[in-house]
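Working notes, beginning with the structure itself.
Coordinate-derived values only; no laboratory data. Not measured: the values here are computed from a predicted model. We place every Cβ from the backbone using ideal geometry, glycine too, and count neighbours over all the protein chains shown.
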């Protein structure tokens, strides 16, 4: 299951999906040792099929390519499906991770993805074509990606809400 509050959404395995990946952030970390500084790298990657399946992964290694490979492998383990209404989202949602808060709103057809780099990567990987977003608080790309996925994990269809509440929605 995903690290995020998917609220009953189904976790999806990466088998049989045509996944695309996008590197969101590469961080360089320096450790001071006797001979000088030793560098290592961490990578944040978003993976999705462009049709409602999305996930994120984080990998660390001494070189950039292995860090990206580890992040992609981690992202494939944390895929989950979000409901879509056409090319947009079913309703407004807000997600939080750390000091980052991401608000996502459905938009009219033709609006496009109105988002910063980190949230744009998540929306494009998920297949959302029309959405308005706003980031509040920290703009650290790692936390923003996790907050955006938290917001997408809170998405519900009308039938899911009816089933959860036990009532019929007109």
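How high is the relative contact order of the stretch 84-165? Use alpha-carbon pairs under 8 Å, at least six apart in sequence, and give a whole percent. It rounds to 39 percent for the stretch 84-165. Remark: spin-label model distance residue 139-residue 94 equals 2.0 nm, labels positioned 7 Å along the Cα→Cβ axis. Mind listing P(r) for the stretch 11-80? All alpha-carbon pairs, 10 Å bins, whole percents. Here the calculated profile for the stretch 11-80 is 23, 42, 22, 9, 4, 0. Out of all DSSP beta bridges in the stretch 68-139, what portion is antiparallel? Express it as a percent rounded to 5. Counting DSSP beta bridges with both partners in the stretch 68-139, the antiparallel share is about 85 percent.
Measuring spread by the Cα atoms of the stretch 93-170 yields a radius of gyration and Dmax of 13.7, 41 Å. Measuring max minus min along each principal axis, the C-alpha atoms of the stretch 55-134 give extents of 44, 27, 19 Å (largest first).
Dividing the summed helix terms, -39500 (n - 2.57) for each DSSP H run of n ≥ 4, by the number of residues in the chain produces a 222 nm estimate of -8000 deg cm²/dmol to the nearest 500. Taking every DSSP beta bridge that has both ends in the chain, the antiparallel portion is near 95%. Overall, the ratio between the Cα radius of gyration of the stretch 82-129 and 2.2 N^0.38 Å, rounded to two decimals, is 1.11.
Note: relative contact order over the chain, using C-alpha pairs below 8 Å and six or more positions apart, is 23 percent. Using R0 = 41 Å, the C-beta based FRET efficiency linking residue 170 and residue 73 works out to 0.35. Semi-axes of the equivalent ellipsoid of the chain are 32, 17, 14 Å, computed as sqrt(5λ) over the eigenvalues of the C-alpha gyration tensor in descending order.
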